[in-house]
Every structure is written in C-alpha cells, then in structure tokens.
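Here is the structure we will look at, set down as structure tokens.
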Amino acid sequence: MEIKTFWSIIIKGIGLWLLINSVYVITQFASTFAFTSDSGLNWKNLIAAWIITFGTLILYLLVASVFLFKSAWLIEKLRLDKNFSQDKIDLNIPYKTVLSIVVIVIGADVFIEALPKLCSTIYEFAKQKERINEYMGASWLIFYFLKALSGYLIMTNSKTVVKFIDKEKIDQTK
C-alpha cells in the first residue's frame, strides 16, 4: 500500500466521522425552536443563534466534503506523503477492503453509541405511560432511533458507502 493510499483512507475516515457528527448540529438547530419570547429570548437573539448554527452546519459539511471527495488534493496541499523513507507500507490488503473496514468501524461506533441511549429513552417513555405526542423526550427518542438506524445502515451497506466516498478515484480515472 502506498503512503498516499494510506493517508487517503485516514482522511476519508475522518470525513465520514465529521459527516455523521454534523447531525448533532442539526439537533442543536432544532432545539432552538423550543425557545419563545416568554422565556426571555427575543427574536434578535434567536435569529443570531440560527445563523451561527446554520453557519456551523455549512462549515461541517464543507470540511466533510473536502475530506471525503478531495482527499488527494488535501494530501498534496498538506504534503502528507512527503518525507517518508519508503514509498510503500508493507500491507497486502486492498485499498477498498481497508476503507470498508474503516466504514464498518465508524458505523459500529455510531450504532453502539446510540443504542444504549435509545433503550434508555424507550424505557423512560414506557415508564411515563404517556402518548408519544405528549412525551417530552419524543424528539430525543426519534433522534436516537435515527442515529442507531443510520449506524446500522452504514455498517451493513459499507460497500455502497465506499463506492460513494471513493468517487474521487473513479472520476480521476476517466
């Protein structure tokens, strides 16, 4: 495996992790809808919070897209493949296999992180004996369900995810 390929795998893994973690920014944006002018927050402050949150989300997505789709450019600009005594790392594992392993590990991390929180939220919901539309933590229940589902789907569809984030190599060969 070449040094450039190794760095490409690392950068794409970080990009996928950033993309998944951008979901937290969306939940912060959604949580601002709970504020009203009765709680002492005026529209000027609320709009400022929305702009900051939206800007943060755009920055997250921009950086994640550079890491996922422009990894070769990033390696070149940061000169990550320079100053190594050898041009290759002695690994006889194909690039796509290593990238699939990275995707599966990130998906598993998301799933494992969300599952206990989902179970805890379901338990609290069952304890309250309320309807879902009256339950105060319904948004967190939905969030943890979607997060666990996305982690599971990333794990089980790792080949599709690898094809999607590896479009840069396909585009360069054309």
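The values are calculated or read from the model by the stated rules, or taken from the named source; none is laboratory data. As the structure is a computational prediction, the values presented were derived from the model and not from experiment. Counting neighbours? That spans all protein chains shown, and the Cβs are built from the backbone with ideal geometry, glycine included.
Restricting attention to the range 81-91, does a residue exist that is surrounded by 13 or more Cβ atoms within 10 Å (Cβ to Cβ), over 25 Å from Met1 (Cα atoms) and touching a helix residue (DSSP H, G or I) at 6+ places or on another chain (Cβ under 8 Å)?
no
Could you tell me whether any residue of the range 30-39 is under 26 Å from Ile101 (Cβ atoms), modelled with pLDDT under 90 and in a helix (DSSP H, G or I)? Talk me through it step by step, then tell me what you get.
So in the range 30-39, the residues under 26 Å from Ile101 (Cβ atoms) come out as none.
Scanning the range 30-39, I find no residue that is under 26 Å from Ile101 (Cβ atoms), modelled with pLDDT under 90 and in a helix (DSSP H, G or I), so the answer is no.
Do we have any residue at all in the range 106-121 that's of a type in the set (A, V, I, L, M), within 13 Å of Lys12 (Cα to Cα) and touching a residue at least 60 places away in the same chain (Cβ under 8 Å)?
Going residue by residue through the range 106-121, those that are of a type in the set (A, V, I, L, M) are 106, 108, 110, 112, 114-115, 118.
The next check asks that each one be within 13 Å of Lys12 (Cα to Cα); those that pass are 106.
Next cut, touching a residue at least 60 places away in the same chain (Cβ under 8 Å) only: 106.
The answer is yes; a qualifying residue exists.
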